[in-house]
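Okay, so here's the structure we're looking at.
Any read-out appearing in this document is the output of simple, stated calculations on the displayed coordinates, not a laboratory observation. Computed from a prediction, not measured in an experiment: that's the story for all the values here. Here Cβ is always computed from backbone atoms with ideal geometry, including for glycine, and neighbour counts include all displayed protein chains.
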């Protein structure tokens, strides 16, 4: 089985979209996970529900909402266009945004569980040893919640790689810009002679997802964590 | 005066109220389990906020109506009942966690000698026995350059031989470093051996 230049373009684009989407989402996901795990503020339940919305909404609806918000005349898209001349429409950056939004709830869930599992008395011990709240967070809370961060990254990456509905309704199906693996497979399925493309890209999808899972399990074990991604 | 403590705190159904002054080297808080001894230490360390009262240690006001110092500003060397070592750091890094700026005070080598920690430095906390973990916890507290020590049943999880060994080390710390120590225990023999002043806590 040899991959064609078109296949490589699809694979490269998919990886770029998934990696950028997940890496940019990570700090936001961690912040949300921390707020949901530790915060006691009015509207916490509402925030929790909104974060989980992409998990339960039909992805096509999520894509449509993104289209409304980030379209050239949308409240956020129009603002980006006026101030920075940036548009996400029909661009790979839009695909990355769709992937990020769809990955967010999974990442928040994984990281939140792991923050909740951190023994808060260890933070008290750090404070009594002279650590500021920020140092206690950096040196105790953050490293102890890393297994959840790894798990969140892998889940988010796998989710982003498989993202279809929100992407196609938000940024359509444009070769080299928004035609990621699932969309390319879907497109090939519509072609009378697309079978070989489907097989190749499907095998690549399996290999990538499996590789991500095994890599993350290895990372967690290497740092001696008791948590498991698998 | 080493310790001047007069605090009250309601925790659920329980009302904790204690008042004592002590100028002894070691002051023992003595009382049955569940009488709020640990909560009193937490209030002095700044990890639990009293409802009202006043805490002065070594002449410095840590808490009153107007003052509430952050835990990191109180310079307490707190030895927890469960050692509470950082599980992701080796013994050496645990010991040095609070050592910071290096503004004088006791050095790592001295603490390692005093507590016999040399063979443990490269180990992970989860591989330590109860007594080893407790010795590391005492060393970690000493290395944070504390102005006083809070010790919460440091012998509770140990067998007799180990307990005697740690007790001897605490006596060495008491005599060598001259730090005021507030020592919590429900064991009469320990308290009699260590403390010059005993504060009885009732349920």
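Suppose we take every Cα in the range B:1-148 and form the convex hull; what volume per residue is that in Å³?
It is 133 Å³ per residue.
How large is the translational diffusion coefficient of the range A:145-199 in µm² per second when you combine the Kirkwood radius over alpha carbon pairs with Stokes-Einstein at 20 °C and 1.002 mPa s?
Numbers: Rh = 12.7 Å.
So the translational diffusion coefficient is about 169 µm²/s.
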request  = On a 0 to 90° scale, report how tilted helix A:59-70 is relative to the longest principal axis of chain A, with both axes built from alpha carbons and the result rounded to the nearest 10.
outcome  = 80
ask   = Hey, fewest Cβ within 10 Å first, where do B:88, A:52 land in order?
value = A:52, B:88
ask   = In percent, what relative contact order does chain B have, based on Cα pairs under 8 Å that are 6 or more apart in sequence?
value = 32
query = What percent do you get for the relative contact order of chain A when only Cα pairs under 8 Å and 6+ apart count?
reply = 28
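What ratio of Cα Rg to 2.2 N^0.38 Å holds for the range A:4-45?
Numbers: Rg = 17.1 Å, N = 42, 2.2 N^0.38 = 9.1 Å.
That works out to 1.88 for the range A:4-45.
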Burial ranking of peptide ranges B:53-63, A:103-113 (average Cβ count within 10 Å, highest at the top) = A:103-113, B:53-63
inquiry  = At 0.36 nm per residue, and after removing the present C-alpha to C-alpha distance, how many nm does the segment from residue A:90 to residue A:9 gain when stretched out fully?
reply    = 27.5 nm
query = Per the Kirkwood definition applied to all pairs of different Cα atoms, how many angstroms is the hydrodynamic radius of the range B:1-55?
reply = 11.6
note = In nm, the gap between the two label points placed 7 Å beyond Cα toward Cβ at residue A:72 and residue A:41 is 3.6
query = What 222 nm value per residue comes from the helices of chain B, counting each DSSP H run with n ≥ 4 as -39,500 (n - 2.57) and dividing by all residues, nearest 500 deg cm²/dmol?
reply = -9000 deg cm²/dmol
task = Could you pull the Cα extents of the range A:5-222 along its three principal axes, largest to smallest, in whole Å?
result = 69, 43, 30
ask   = Cα-based Rg of the range B:71-203 per 2.2 N^0.38 Å, rounded to two decimals?
value = 1.01
inquiry  = Per residue, how big is the convex hull of the protein assembly as shown when only Cα atoms are used? Give it in Å³.
reply    = 191
inquiry  = Quick check: Cα centre of the range A:77-139 to Cα centre of the range B:168-189, how many Å?
reply    = 45
